[in-house]
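J.: Have a look at this one.
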């Protein structure tokens with residue numbers, strides 16, 4: 001029994017696999033905004049019965065010396081040729097449209113429920129594109145979906 | 001041998017766990033970001049800064065031993081830049097200036113044009129964070145092309161005071177104890193006088209002040225003396241020496257006298273076995289029972305080793321006493337319940 005206990009850490013170590021990285025860490029500067037995706041889980045995707053629930057948090061800083069207006073309602077997720085609306089809001093105020101002060105840092109949560117039943121994603125892996133508008137320009141991040149995510 | 005294999009396997013887990021720590025920024029933030037320094041608006045310690053042609057994101061993270069600056073840097077210049085980690089300046093409340101020092105991991109690093117890097121830099125002492133409201137971080141950025149140095153500055157503000165974020169303690173402890181007899185009482189004296197005590201223990205501190213542990217100990221050479229009535233059954237010429245082994249769990253309480261000195265009290269139940277340790281008598285002499293053990297140890301952290309993983313390992317020496325109570329222990333039908341005490345000296349290490 002004692003020997004079996006000794007083997008447990010080894011078995012646990014060998015059975016663990018390297019996680020698949022879906023989203024690479026990137027610090028970007030777009031339209032005088034500084035944006036990072038450091039709080040995005042690099043490998044996990046939440047599974048629900050109807051399909052994967054996609055979440056993508058961002059941290060953004062306004063680098064300009066003046067306040068700016070943000071409208072996140074046009075955010076989307078591009079999977080293959082399919083454009084899916086992405087629901088983004090300010091994590092603190094929960095607003096989709098809001099103003100940010102000069103040099104203010106704010107957090108954005110983007111999320112959407114994807115649907116297995118549509119079937120169109122069950123053939124190939126897709127490098128999806130997350131597109132979030134920031135006052136006229138968009139910040140874009142890539143995200144890898146696997147066939148298995150939609151099965 | 002079994003213990004040796006166990007230690008190798010145990011430490012290999014830490015090695016794997018530490019692999020690629022710098023790269024997994026998400027894991028570092030989720031597990032180690034300092035809650036007391038998070039801002040309400042972002043639920044994060046993040047500071048996003050742009051200066052010297054580089055973009056930087058800075059976070060405050062820490063475990064039970066060290067606080068660290070986690071920094072991601074993207075180089076937007078047309079030439080490589082060098083970040084001199086050992087020259088990074090930390091200013092606490094605008095008064096106390098500290099440098100990281102030249103430890104493992106605090107090496108300069110070069111970021112090519114258009115590339116990014118993630119680094120972690122240890123703060124010198126966690127206790128620098130105690131009762132301060134503001135921390136300013138100044139990062140010198142050296143531009144290779146025009147040979148100029150520019151500084152990137154970030155200012156962190158504390159939201160609330162959390163004790164564990166300014167107090168360094170070890171969470172895992174391994175120790176080997178050796179010692180001898182202090183005294184015996186009750187029926188246990190019938191077993192004779194032991195000549196030595198060897199013990200090994202592994203403790204996990206869940207909080208700075210308390211933890212849980214496991215002990216394996218062995219006492220040797222309880223000799224068959226004329227006063228040991230238990231051995232009347234043996235024939236002349238029979239040689240009998242007993243060995244008592246103890247396997248138990250313990251609750252630990254730790255008291256801090258200073259950074260380097262602690263007093264540790266342990267109390268817990270265990271299982272005790274007694275068996276013949278010689279070859280000349282082959283009779284069935286075995287017994288076992290539950291036991292209760294308590295221990296008082298004085299520990300001295302005499303040396304600190306810096307590990308490549310940016311962590312530190314403390315080497316400890318200690319001394320103290322152990323007391324065992326064994327109700328219901330029997331061997332060969334003879335009741336051996338009673339108390340016994342040992343003195344011990346300790347050598348060990350802590351993370």
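J.: Is it the case, given these coordinates, that residue B:101 is modelled with pLDDT under 85 and more than 14 Å from chain A (Cβ to nearest Cβ)?
T.: For residue B:101, the condition - modelled with pLDDT under 85 and more than 14 Å from chain A (Cβ to nearest Cβ) - is met.
J.: Among the candidates A:43, A:38, A:107, A:93, which residue alone is without any contact (Cβ under 8 Å) to a residue 12 or more places away in the chain and under 26 Å from residue B:30 (Cα atoms)?
T.: Values: A:43 fails: without any contact (Cβ under 8 Å) to a residue 12 or more places away in the chain; A:38 fails: without any contact (Cβ under 8 Å) to a residue 12 or more places away in the chain; A:107 fails: without any contact (Cβ under 8 Å) to a residue 12 or more places away in the chain.
A:93 is the lone residue from the list that is without any contact (Cβ under 8 Å) to a residue 12 or more places away in the chain and under 26 Å from residue B:30 (Cα atoms).
J.: May I pose another question? Going through B:40, B:54 one at a time, which residue ends up being within 14 Å of another protein chain (Cβ to nearest Cβ) and either touching a strand residue (DSSP E or B) at 6+ places or on another chain (Cβ under 9 Å) or buried (at least 19 other Cβ atoms within 10 Å of the Cβ) (or both)?
T.: It is B:54.
J.: Just to verify a result, which residue in region B:22-37, among those that are more than 11 Å from every other protein chain (Cβ to nearest Cβ) and farther than 17 Å from residue B:309 by Cα, is nearest to the chain's Cα centre (by Cα)?
T.: If we take residues in region B:22-37 being more than 11 Å from every other protein chain (Cβ to nearest Cβ) and farther than 17 Å from residue B:309 by Cα, then B:34 is nearest to the chain's Cα centre (by Cα).
J.: Taking region A:18-40, which residues are assigned to a loop (DSSP other than H, G, I, E, B), crowded, with 17+ Cβ neighbours inside 10 Å and more than 8 Å from chain B (Cβ to nearest Cβ)?
T.: Answer for region A:18-40, where residues must be assigned to a loop (DSSP other than H, G, I, E, B), crowded, with 17+ Cβ neighbours inside 10 Å and more than 8 Å from chain B (Cβ to nearest Cβ): A:22, A:23, A:37.
J.: Follow-up. Say we look at region B:64-97 and pick out the residues that are surrounded by fewer than 18 Cβ atoms within 10 Å (Cβ to Cβ), free of Cβ contacts under 8 Å to residues at least 40 places away in the same chain and more than 14 Å from every other protein chain (Cβ to nearest Cβ); which of these is nearest to residue A:27 (Cα to Cα)?
T.: Across region B:64-97, the extreme among qualifying residues is B:86.
J.: Sticking with this one: Tell me which residues, restricted to region A:47-71, are more than 9 Å from every other protein chain (Cβ to nearest Cβ), within 20 Å of residue A:111 (Cα to Cα) and either buried (at least 17 other Cβ atoms within 10 Å of the Cβ) or modelled with pLDDT of 90 or more (or both).
T.: A:51, A:52, A:53, A:54, A:55, A:56, A:57, A:58, A:70, A:71
J.: Can you name every residue in region A:72-94 that is assigned to a loop (DSSP other than H, G, I, E, B), more than 14 Å from chain B (Cβ to nearest Cβ) and surrounded by fewer than 15 Cβ atoms within 10 Å (Cβ to Cβ)? Outline the logic, then answer.
T.: Initially, region A:72-94 is screened for residues assigned to a loop (DSSP other than H, G, I, E, B), giving A:72-75, A:80-81, A:86, A:91-94.
Checking which are more than 14 Å from chain B (Cβ to nearest Cβ) leaves us with A:72-75, A:80-81, A:86.
Passing the criteria: A:73, A:74, A:80, A:81.
J.: Hey, another quick one. Between B:98, B:84, B:65, which is under 31 Å from the mean Cα position of the chain (by Cα) and closer than 19 Å to residue B:164 by Cα? Don't jump to the end; show me each part of the working.
T.: Numbers: B:98 fails: closer than 19 Å to residue B:164 by Cα; B:84 fails: closer than 19 Å to residue B:164 by Cα.
Of B:98, B:84, B:65, the one residue that is under 31 Å from the mean Cα position of the chain (by Cα) and closer than 19 Å to residue B:164 by Cα is B:65.
J.: Tell me, yes or no, whether region B:111-124 has at least one residue that is in contact with a helix residue (DSSP H, G or I) (Cβ under 8 Å, 6 or more places away or on another chain) and within 15 Å of residue B:166 (Cα to Cα).
T.: yes
J.: Can you confirm whether region A:95-117 contains a residue that is in contact with a strand residue (DSSP E or B) (Cβ under 8 Å, 6 or more places away or on another chain), assigned to a helix (DSSP H, G or I) and more than 19 Å from residue A:143 (Cα to Cα)?
T.: yes
J.: Would you mind telling me which numbered condition in (1) surrounded by 15 or more Cβ atoms within 10 Å (Cβ to Cβ); (2) closer than 25 Å to residue B:59 by Cα; (3) within 11 Å of the chain's Cα centre (by Cα) residue A:107 fails?
T.: Of the numbered conditions (1) surrounded by 15 or more Cβ atoms within 10 Å (Cβ to Cβ); (2) closer than 25 Å to residue B:59 by Cα; (3) within 11 Å of the chain's Cα centre (by Cα), the odd one out for residue A:107 is (3).
J.: Please count how many residues of region B:288-310 are buried (at least 18 other Cβ atoms within 10 Å of the Cβ) and closer than 13 Å to residue B:170 by Cα.
T.: 2
J.: Now for a separate question. Condition check: touching a helix residue (DSSP H, G or I) at 6+ places or on another chain (Cβ under 8 Å) and on the phi < 0 side of the Ramachandran plot. Does residue B:144 satisfy that?
T.: no
The values are calculated or read from the model by the stated rules, or taken from the named source; none is laboratory data. The shown structure was predicted, so the numbers you read here are calculated from the model rather than taken from an experiment. Neighbour counts run over all protein chains shown; Cβ positions are idealised from the backbone, glycine included.
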